[in-house]
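What follows is one structure encoded as structure tokens, with my remarks underneath.
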Amino acid sequence: MGDILNIVIKRLGLGLLTLLVISVIIFGAVELLPGDIAEAVLGQGATKENVAAMREQLGLDRSAPVRYFEWLGGAVTGDFGNSLVSQKPVSEAIGERFSNTLFLAVYAAFIAVPIAIFLGILVALYRNTVFDRVANILTLTSISAPEFFLAYVLILFFSVKWGMFPAIAKIDADMTLLDKLERTFLPALTMVLVVVAHMMRMTRASIINLLASPYVEMARLKGVPAWKVIVKHTLPNAWAPIINVVALNLAYLITGVVLVEVVFVYPGIGQMLVDSVTKRDFPVVQACCLIFAATFILLNLAADIGAILTNPRLRHPK
Amino acid sequence: MNYFIIGFYALLIGGSSLAAFYQKRTAFLLLFSVTLVSFVMGIVGGESALWAVTILAGIIAFSAGVSYSFREFLAIILPKESAKIMRTAPLTAAFGLFIIFTYAITGIFAPIIAPYGESEIISQAFEPANDEMLLGADQLGRDMFSRIVYGARNTVGLALIATFLAFFIGAIGGLLAASKGGKFDQVMSRIVDVVMSIPSLIFALLLLSIFGTNVVTLIIVMAIIYAPRVFRLARSVAGNIVVMDYIEAARLRGEGTWYIIRKEVLPNATAPLIAEFGLEFCFVFLLVAGLSFLGLGIQPPTADWGSMVRENATLISFGEITPLIPAGAIALLTVAVNFVVDWMLYRSSGLKE
């Protein structure tokens, strides 16, 4: 067990390091602005006094490394500074929105993961038949279509033509869970469509790869039925890649949510990011980017660790 | 029950019985599942659902026919070697090639095809379709059809340029890293790891918020974001090649790194790199479309599919499908490219089982 713990700690350290480098990039990118934040925000018409006042307010007179460590220290404790537009603390606005985004992602994941794995195994079992080909075409189409296309098609049919679900997913904290689930059904379904397609293809590919291995051949030769080969011999070895697939797609869910949130006017962190990019509200942009990057890295890390835990061979890298 | 429904089921059941009688397993499975599906859909959705199934089947049959003829056409006009490959291509790949061909023609000859200019205001806002305007007018009274045609040039063109740039940087970096190895390889790979661990849309938003949105920054940002993917693939493909004996021989002959990359590695790495180019194009294209949709990509009045969807999105709530057309155009092209890439990957290595 000590072995595994060691590896996990090593991976965590590596993830943390990556996150640190990314925070430098996110902070440094804003430093690359022509002039500085004050000039960029106030524009060319600003008087010298205005710019100077804003510089002082933001503490721009100190050197970049000092400000970076202040910003990082604040970020770790959940303080991202004040928004340039509303002058309110960024963390206040982000908190609720982030939980909304997580809610949507978890909702979609709950529907998508079981369906995708089940269908992936099914098409691997019936590979190279008509069903496999049809599934291949359908999943490719669903992956290739931009999210907003799927979203608008769903809106057109489910809300405009059939009037089954609302087209605008406005939710607030005091709604019941059932209400929330109904309101956010269409955005969740949009993401389910994309993610199921991805996961299905990856599950199929990883199972089919395993089907080429000698022990499967052996099982077949001794007359084990096809479904049993998959469930008993292939699946235990396929868990590692499947866990990987699931985690990668969850990471995708968290970030792919931006477009979906904008289409459905969902009060999540993605929409906030897009709004603040348009308004050039840099503290908010930085905070959102850092949160997205952190979630993304965390899930990738989870994928790595999950793969190591389920596959003993990965515990002893050559 | 009317004649349409009776005819519909008679055709399907008759077809599947015939297929079963002549032992055509695939055709039987397909026809019979369509029968079952339309049975369920008919009960739920009534006659209109059956019409939808019929129209869908018609569209699929039509595109299959078009792809078949296009494949035969290519097989005839191409030289012998490529014609042989073309004959074994699946219909989906032929379909993809046909769509790409159509888009290329539309993009290149946009000014000739489009009846009006891309920013020419010719009527009232949201004017419905009439004889002069095939798809009606957009939110400013510009001809929707002309703008879609011009979009083929602007959106696809920008994505293509960005992909070329990303590919150029990434492939050269990856090939160099693989052939040189050592410190250069280590440093490049670590940089790439970091860039790839930032989600692409988020990174694009961050960079665009800082450098502003114009076409040149957009292309450079895309290249920065997607070059690492190409780098990784190029490096891993080339990594398998540089350990070969003939590379060793070339090194012992005293050839330089550049010569080895150009003459020894590149010819053996073309197939996966071309497939990667297709995939990369899809990613860049979707990201550009997404950014434009968010209002942060190609700026008006340039006609662009992503922003057209956003500008006309209000029409959806009136049950109009016009805003879906540019979105569908994006989807169709990515699907087409993916079909072709799928076939190429299958050919170059593929899941053989």
* Asked: What is the spread of the Cα atoms of chain B along each of their three principal axes, largest first, in whole Å?
  -> 81, 59, 39
* Taking N as the number of residues in the stretch B:254-353, what is its alpha-carbon radius of gyration divided by 2.2 N^0.38 Å? -> 1.55
* Asked: Within chain A, which complete DSSP H helices have Cα atoms spanning at least 20 Å along the helix axis and a mean Kyte-Doolittle hydropathy of -0.5 or higher?
  -> A:2-31, A:90-125, A:130-144, A:185-211, A:235-263, A:282-310
* **Projected label distance in nm at B:Thr257 and A:Lys48, using a 7 Å step from Cα toward the beta-carbon** => 5.1
* Do any residues of the stretch A:106-144 lose at least 20 Å² of accessible area when the full set of protein chains is present rather than just their chain alone, and if so which, with a 1.4 Å probe? -> A:Arg127, A:Val130, A:Phe131, A:Ile137, A:Leu140, A:Thr141, A:Ser144
* Structure fact -> The alpha-carbon pair-distance distribution computed for the protein assembly as shown, with 20 angstrom bins and whole-percent values, is 15, 49, 32, 5, 0
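Using the Cα atoms as the points, what is the convex hull volume per residue of the stretch B:139-226 in Å³?
On the way: hull volume 9.7 nm³, N = 88.
Spread over its residues, the Cα hull of the stretch B:139-226 gives 110 Å³ apiece.
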* **Note, ³J(HN,Hα) from phi for the stretch B:52-64, Karplus 6.51, -1.76, 1.60, rounded to Hz, x at Gly and Pro** => 4, 4, 4, 5, 4, 4, x, 4, 5, 4, 4, 5, 4
* Structure fact -> Between A:Tyr68 and B:Ile6, Cβ-based FRET efficiency (R0 56 Å, step 0.05) works out to 0.15
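Could you compute the net charge surrounding B:Ile330? Neighbours are other residues with a C-beta less than 13 Å from the C-beta of B:Ile330; K and R count +1, D and E count -1. Don't skip to the answer; put the middle values down first.
Details: positive: B:Arg310; negative: A:Glu147, B:Asp304.
Its environment carries a net charge of -1.
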* How big is the gap, in Å, between the Cα center of the stretch B:302-316 and the Cα center of the stretch A:191-208? -> 30
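Give me the Kirkwood hydrodynamic radius of the stretch B:3-88 in Å, from all C-alpha pairs, to one decimal place?
On the way: mean 1/r = 0.0666 Å⁻¹.
Computed over the stretch B:3-88, the radius equals 15.0 Å.
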* Overall Cα dimensions of the stretch B:167-318, principal axis frame, Å, largest first -> 70, 28, 22
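Quantify, in whole percent, the carbon and sulfur part of the accessible surface of chain B (1.4 Å probe; protein heavy atoms only).
Here it works out to 70 percent.
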* **Separation between Cα centres of the stretch B:115-145 and the stretch B:165-214, rounded to whole Å** => 42
* Structure fact -> 1/(1 + (r/R0)^6) with r = Cβ-Cβ of B:Ala49 and A:Leu32, R0 = 45 Å, i.e. FRET efficiency to nearest 0.05, evaluates to 0.20
* To do: Could you list the chymotrypsin sites (Phe, Trp or Tyr not before Pro) in the stretch A:145-235 that lie in coil according to DSSP, counting only those with at most 13 other Cβ atoms within 10 Å of their Cβ?
  => A:Trp162
* In straight Cα distance, which aspartates and glutamates are under 17 Å from A:Lys232, not counting same-chain residues fewer than 8 positions off? -> A:Glu217
* In whole Hz, with x marking every Gly and Pro, tabulate ³J(HN,Hα) for the stretch B:167-178 from phi via Karplus 6.51 cos²θ - 1.76 cosθ + 1.60, θ = phi - 60°. => 5, 4, 4, x, 5, 5, x, x, 5, 4, 4, 5
* To do: Can you send over the carbon and sulfur percentage of the accessible area for chain A, probe radius 1.4 Å, protein chains only?
  => 66
* Structure fact -> Length gained if B:Ile122 through B:Leu36 is fully extended, taking 0.36 nm per residue and subtracting the Cα-Cα distance, is 26.0 nm
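Gain in length, B:Asn214 to B:Ile76, computed as 0.36 nm per residue apart minus the alpha-carbon separation, to one decimal in nm? Mind dumping the intermediate values first?
Working: separation 138, 0.36 × 138 = 49.68 nm, distance 4.43 nm.
Net length gain for the segment: 45.3 nm.
Mind grabbing the interface size between A and B? I mean buried accessible area, both sides, 1.4 Å probe, in Å² to the nearest hundred. The partial results should precede the final answer.
Numbers: alone 17690 and 19780 Å², together 33330 Å².
Roughly 4100 Å².
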* **Evaluated over the stretch A:48-181, the Cα radius of gyration and Dmax, each in Å** => 23.7, 73
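What average count of beta carbons from other chains do you get within 10 Å of the Cβ of residues in A:149-162?
Details: counts 14, 2, 3, 8, 6, 0, 4, 8, 1, 0, 2, 5, 1, 1.
Rounded to a whole number, the mean comes out at 4.
Please work out the average accessible area per residue across the protein assembly as shown, using the 1.4 Å probe convention, and give it in Å². Walk me through the intermediate numbers first.
Numbers: 33330 Å² over 671 residues.
In whole numbers, the protein assembly as shown has 50 Å² accessible per residue.
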* To do: Apply the Karplus parameterisation 6.51 cos²θ - 1.76 cosθ + 1.60, with θ equal to phi minus 60°, to every residue of the stretch B:22-33 and state each ³J(HN,Hα) to the nearest whole Hz, in sequence, with x for glycine and proline.
  => 8, 6, 8, 4, 4, 4, 4, 4, 5, 5, 5, 5
* What percentages, rounded to whole numbers, describe P(r) for the stretch B:46-152 computed over all alpha carbon pairs with 5 Å bin width beginning at zero? -> 2, 12, 14, 12, 12, 15, 14, 11, 6, 3, 1
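The values are calculated or read from the model by the stated rules, or taken from the named source; none is laboratory data. If you're wondering where the values come from, they're calculated on a predicted model, not measured in any experiment. Heads up, the Cβs are rebuilt from the backbone with ideal geometry, glycines too, and the neighbour counts pull from every protein chain shown. These area figures cover heavy atoms from the full protein model, side chains too; ligands, DNA and RNA do not enter into them. Shrake-Rupley method; radii C 1.70, N 1.55, O 1.52, S 1.80 Å.
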